[in-house]
Amino acid sequence: MKRSLEQIAEAIGAQLHGDGSVEIDGVASIASASRHDLVFVEDEKYLPRALQSGAGAVIAGEFASSSNKPLLISAHPKLTFARAAGFLRDGTAVRPGPAVHATAVIHPSARIAAGAMVEEYAVIAEDAEVGTGTRIGSGCAVGRGVKVGCKCQIYPRVTIYPGTTLGDRVIVHAGTVLGSDGFGYVRDPKSGRYEKFPQVGRLVIEDDVEIGANTTIDRGALDETRIGHGTKIDNLVHIGHNCRLGENVVIAAQTGLSGSIVIEDNVVLGGQVGIGEHARIGEGVMLGGQGGVLPNKVLRGKGVAFWGTPAQPVREYLKQLAALARLGKKR
């Protein structure tokens with residue numbers, strides 16, 4: 001949907017320099033931009049290239065001044081660019097009724113809100129709810145009693161187990177499984193066999209969460225697993241039962257969380273991190289790639305970077321590596 005630069009500037013809080021009537025309908029890289037696209041530059045040295053591109057307008061920092069193209073000036077061009085993209089994407093008018101493909105299977109008790117879309121071969125079970133403006137991709141399975149909020153994007157082949165709740169503006173990429181049983185068993189000492197411990201809790205995903213492709217998040221065993229507002233989870237991540245993630249947590253690919261872990265607000269976990277059960281990661285901690293946290297351990301230190309296995313502050317870890325290297329040279 002095309003929007004004028006004046007409308008965009010007002011929506012994203014940028015300062016407009018130039019013709020505000022120019023119409024924009026998308027965002028692009030500098031190399032691929034066309035006359036209805038926005039581009040951005042964070043470094044002044046790239047500004048000439050952006051101004052010479054085919055873009056209709058440029059989002060730039062305060063270093064930019066008058067030019068041959070309209071400018072949207074911002075203290076944080078990349079963030080402003082992201083907000084502009086969201087504004088352009090969300091500007092599409094909501095349809096008066098749901099759009100359900102003929103091959104989709106919708107239980108009569110399911111409630112599909114106005115403007116929602118259910119694509120080919122998706123299955124919506126009894127008592128499920130799909131909010132306004134949400135898209136359920138082809139081949140998705142939405143279980144009994146699932147609640148999906150407004151303006152969510154559920155990509156193809158996502159499976160959402162019964163009783164799971166998704167807030168508004170949640171994005172779930174293809175192949176992800178939400179609300180499956182946790183890995184919980186009790187061993188019979190006489191027979192040596194493992195018997196399944198009840199997995200009857202639920203999974204709650206709050207607003208503005210994004211979950212990557214082929215990620216799995218287990219339901220709670222007896223209570224709930226909860227993913228906090230604004231958290232971003234990469235591809236191929238596993239989150240075990242009873243975990244509680246705070247707000248604005250970032251988790252990179254191939255990370256694995258055992259059961260009953262608490263991740264507080266604003267934590268950053270690098271790729272291939274492994275965390276043992278009942279551990280706690282304090283607010284604002286950064287744990288580097290392949291870092292390992294043993295069961296029941298607590299990491300604290302807002303803004304502190306940890307690394308290694310067992311994880312420790314990165315300065316201490318690097319000192320130990322240097323000491324080992326010196327020992328190796330003496331041999």
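Of these, Ala28, Ala33, which one is within 15 Å of Ala85 (Cα to Cα) and buried (at least 19 other Cβ atoms within 10 Å of the Cβ)? Full working, then the answer.
Numbers: Ala28 fails: buried (at least 19 other Cβ atoms within 10 Å of the Cβ).
Criteria check complete, one pass: Ala33.
When the range 154-195 is filtered for residues that are in contact with a Cys (Cβ under 6 Å, 6 or more places away or on another chain) and open to solvent by 30 Å² or more (accessible area, probe 1.4 Å), only Asp168 remains. Evaluation of Leu287 against the conditions (1) in contact with a strand residue (DSSP E or B) (Cβ under 6 Å, 6 or more places away or on another chain); (2) under 25 Å from Leu166 (Cα atoms) shows that the sole unmet condition is (2).
Going by the structure shown, is Pro77 open to solvent by less than 40 Å² (accessible area, probe 1.4 Å) and over 30 Å from the mean Cα position of the chain (by Cα)?
Working: open to solvent by less than 40 Å² (accessible area, probe 1.4 Å): yes; over 30 Å from the mean Cα position of the chain (by Cα): no.
So Pro77 does not fit the description; no.
Residues being surrounded by 13 or more Cβ atoms within 10 Å (Cβ to Cβ), out of contact with any helix residue (DSSP H, G or I) (no Cβ under 9 Å at 6 or more places or on another chain), modelled with pLDDT of 95 or more and not in a loop (DSSP other than H, G, I, E, B) are entirely absent from the range 304-318. Of all residues in the range 115-134, those that are farther than 10 Å from Pro156 by Cβ and crowded, with 18+ Cβ neighbours inside 10 Å total 13. Of all residues in the range 121-151, those that are under 17 Å from the mean Cα position of the chain (by Cα) and on the phi > 0 side of the Ramachandran plot total 1.
Scan the range 279-303 for residues that are loosely packed, with under 15 Cβ neighbours inside 10 Å and on the phi > 0 side of the Ramachandran plot and jot them down. If you could, list the steps in order and put the result at the bottom.
Quick first cut of the range 279-303, residues loosely packed, with under 15 Cβ neighbours inside 10 Å only: 289, 294-296, 298, 300-303.
Asn296, Gly301, Gly303, listed by residue number.
Yes or no, residue by residue, for (1) within 28 Å of the chain's Cα centre (by Cα); (2) within 17 Å of Leu88 (Cα to Cα); (3) hydrophobic (A, V, I, L, M, F, W, C):
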| residue | (1), (2), (3) |
| --- | --- |
| Ile8 | yes, yes, yes |
| Glu44 | no, no, no |
| Gly56 | no, yes, no |
| Phe63 | no, no, yes |
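When Ala104 is tested against (1) in contact with a strand residue (DSSP E or B) (Cβ under 6 Å, 6 or more places away or on another chain); (2) under 25 Å from Cys243 (Cα atoms), just one condition goes unmet, and that condition is (2).
Would you check which residues across the range 141-160 are touching an Asp or Glu at 6+ places or on another chain (Cβ under 8 Å) and in a loop (DSSP other than H, G, I, E, B) and list them? Selection gives Arg144, Gly145, Val146, Gly149, Cys150, Lys151, Cys152, Pro156.
Would you point out the residue of the range 241-258, among those that are in a loop (DSSP other than H, G, I, E, B), under 17 Å from Gln199 (Cβ atoms) and not polar (S, T, N, Q), that is least open to solvent (accessible area, probe 1.4 Å)?
Cys243
Applying the condition of being of a type in the set (Val, Ile, Thr) and assigned to a loop (DSSP other than H, G, I, E, B) to the range 198-221 and asking which residue is surrounded by the fewest Cβ atoms within 10 Å (Cβ to Cβ) yields Val200.
The values are calculated or read from the model by the stated rules, or taken from the named source; none is laboratory data. Note that this is a predicted model, so its numbers are computed, not measured. Don't worry about glycine lacking a Cβ; one is built from the backbone with ideal geometry, like all the others, and counts go over all protein chains shown. What goes into the accessible areas is simple: the full protein's heavy atoms, side chains included, and nothing from ligands, DNA or RNA. Shrake-Rupley method; radii C 1.70, N 1.55, O 1.52, S 1.80 Å.
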